[in-house]
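Here it is, the structure in full.
The values are calculated or read from the model by the stated rules, or taken from the named source; none is laboratory data. Treat the numbers as computed from the prediction; the structure is a model and nothing was measured. Here the Cβ positions follow ideal geometry from the backbone for every residue, glycine too, while neighbour counts run over all protein chains shown. Side chains are part of the model used for accessible areas, which takes the heavy atoms of the whole protein and leaves out ligands, DNA and RNA. Shrake-Rupley method; radii C 1.70, N 1.55, O 1.52, S 1.80 Å.
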Amino acid sequence: QAHTNMHGLRALARHRHSLAHADRIVLRDLVFRGRHGVLAAERELGQRFEVDIVMQTDHEAAAASDHIDDTVSYVGVYDQVRSVVEGPPRALIETVAVEVAREVLSGNARVDEVTVVLRKPQVPINGILAYASVEVSRDREWLESLRRA
């Protein structure tokens, strides 16, 4: 019970922090070629994947200094996302999205939370649709729990 209450208090504190500091960096419509999917042909031939990244951070230090070292590098995040999406094939886009979130949080101490939207436009179904997508949000506490496990 005490553990549950502490978890709830931490979540409330994070929520209050996010309302007080709703600063975000957004990278929209990143496009990569990956080899993810359940079907062998998807893994062999590859296909287009589109990614949106929304990072919650605090812009105070960067705004005060106007220096690149006090913010999150767009180039660095782009390269991190690319390494996952263009990396080893996965059956599920859910797996890819969570791996992207882990990579972004691990590589950027200034990012408190990240939301990843991963779109797969070429879905192998007998029908018409623009894309299938997954959205995951992960925070630093989640990353720390992975490290403790």
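For every helix of n ≥ 4 consecutive DSSP H residues, a contribution of -39,500 (n - 2.57) applies; sum these over the chain, divide by its total residues, and give [θ] at 222 nm rounded to the nearest 500 deg cm²/dmol. Intermediate values should be presented prior to the final figure.
Numbers: 6 runs with 67 residues, N = 149.
Value at 222 nm, helices only, nearest 500: -13500 deg cm²/dmol.
Please give the per residue accessible area of the chain, computed with a probe of 1.4 Å over protein heavy atoms only, in Å².
On the way: 8930 Å² over 149 residues.
Value returned for the chain: 60 Å² of accessible area per residue.
Given charges of +1 on the Cβ of Lys and Arg and -1 on the Cβ of Asp and Glu, with all other atoms neutral, how large is the dipole of the chain about its Cα centre, in debye to the nearest 20? Intermediate values should be presented prior to the final figure.
Values: 19 positive and 22 negative charges, 110 e Å.
So the magnitude is around 540 debye.
Counting only protein heavy atoms and a 1.4 Å probe, tell me what percentage of the chain's accessible area is made up of carbon and sulfur. Numbers along the way, then the final one.
Values: 4740 of 8930 Å².
Solvent-exposed carbon and sulfur of the chain make up 53 percent of the total.
Pick from VAL72, VAL96, VAL123: which is most flexible by mean-square fluctuation in a GNM of the chain where alpha carbon atoms under 10 Å apart are linked?
In the Gaussian network model the winner is VAL123.
Charges on Cβ only, +1 for Lys and Arg, -1 for Asp and Glu, centred on the Cα centroid of the range 38-149; of ALA97, VAL77, ALA62, which one is farthest towards the dipole's positive end?
ALA97
Then there's this: How much net charge surrounds PRO121 when only the other residues with a Cβ under 11 Å from the Cβ of PRO121 are counted, with Lys and Arg +1 and Asp and Glu -1?
That sum, taken over residues with Cβ under 11 Å, equals +2.
For the range 51-57, just list the computed ³J(HN,Hα) in residue order, Karplus coefficients 6.51, -1.76 and 1.60, θ = phi - 60°, integers in Hz, with x standing in for Gly and Pro.
3J(HN,Hα) across the range 51-57, in whole Hz: 9, 10, 10, 10, 10, 8, 8.
Out of these labelled values of Kirkwood radius over Cα pairs in Å, (i) 19.6; (ii) 16.8; (iii) 15.3, which was calculated from the coordinates shown here?
Matching the structure shown: (ii).
Can you give the local net charge around TYR78? Use residues other than it whose beta-carbon is closer than 13 angstrom to its beta-carbon, Lys and Arg +1, Asp and Glu -1.
Working: positive: ARG28, ARG82; negative: ASP29, ASP52, ASP79, GLU86, GLU103.
That works out to -3.
Same structure again: Can you tell me the FRET efficiency between VAL38 and ASP79 if r is taken as the Cβ-Cβ distance and R0 is 25 Å, rounded to the nearest 0.05?
On the way: r = 27 Å, r/R0 = 1.10.
After rounding, the FRET efficiency stands at 0.35.
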